Amino acid sequence: MTISQPTLSLWDEPVHDHRARIVADSTDRVAWLRARSRGITATDAARLATERSVHAVIRDKRYGSSFGGNAFTDHGSQREPEIARWVQQAHGITPSTALFHASSNRAHLATPDGISVVGDTIVLAEIKTTSAPWRTIPRSYLRQVWWQQYVLGAERTLLVWEQHDNFVPVGAEPKSRWIDRDENEIHMLVSLADRVLHELRRG
C-alpha cells in the first residue's frame, strides 16, 4: 500500500497539542465511562451509516445501551494488552488508554489503542479480535478508525486483528493493515455525529 503524504485539513493542529486534549483514561473506568457518555465516541461513530443507525445512537446515548458485553468482548479485553505489546515491538506504536477530545469540538471523543508521533505526523493503532477470517475490513471498523484520525489529527492507523478459534488465537502473530485518512468519510461522520448531539441537546 502506498502511504500518502500528510495533508492539512480544517481540523488539523500542531502534533504536540494532542496531549493537552486528554479527557480521561480507561484505567479509571468510572471517569472514562462518564466522560464517554457526554459525547460521541469512535464506537458511536462506527455505527453512523444510515438514518436508522443515527436514531439508534441517539436512543442509546439518551437511555443507555442494553448491551453489557459477552464472551467475545471479554476475550478482546483480555487479549488487547498482549496484542498491544506486539504492535509496539513490531511497529513502534505506543499503547494508549487515554480518551481525547477533538480540537474543534470537546464532545467528539476517541480512545485509540496506540499513539505515536513520527516526525510531524501522528499515527494510531486500533486492535480487534475476531472469530472469522477477514477478506475485507468491516466498514464499521473503518468508520471507527477515520473518527479516531479526525479526533487526534492523525494521518494513518495500523488496524491490527487477531483471529481466534473458540477463543484460542489462530496463527503466530496478528494480521495488520495501514488505513489512510479519508477526509470525505470524516466530513460525513462529523455531520452525522453533530446531528446526534443536536438531538440530544434538544432533549
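The values are calculated or read from the model by the stated rules, or taken from the named source; none is laboratory data. None of the values given here were measured: they were computed from a predicted structure. Here the Cβ positions follow ideal geometry from the backbone for every residue, glycine too, while neighbour counts run over all protein chains shown.
Structural remarks
- Boolean, PHE100 is under 30 Å from SER191 (Cβ atoms), aromatic (Phe, Trp, Tyr) and either outside any loop (DSSP other than H, G, I, E, B) or touching a residue at least 12 places away in the same chain (Cβ under 8 Å) (or both): yes
- When we screen ALA35, ALA49 for residues that are at pLDDT 95 or above and in a loop (DSSP other than H, G, I, E, B), the only hit is ALA49.
- Residue identified as farther than 21 Å from ARG21 by Cβ and within 18 Å of the chain's Cα centre (by Cα) among GLU126, GLU162, GLU173: GLU162
- Residue within the stretch 27-36 that is closer than 24 Å to ARG139 by Cβ and buried (at least 17 other Cβ atoms within 10 Å of the Cβ) present: yes
- For the stretch 52-96, the set of residues classified as closer than 27 Å to GLU162 by Cα and not in a helix (DSSP H, G or I) consists of SER65, SER66, PHE67, GLY68, GLY69, ASN70, GLY92, ILE93, THR94, PRO95, SER96, listed by residue number.
- In the stretch 165-191, the residues that are in a strand (DSSP E or B) and out of contact with any Phe, Trp or Tyr (no Cβ under 9 Å at 6 or more places or on another chain): ASP165, VAL168, PRO169, TRP178, ASP180
- Here is the figure for the stretch 146-203: residues that are of a type in the set (Phe, Trp, Tyr) and crowded, with 17+ Cβ neighbours inside 10 Å total 4.
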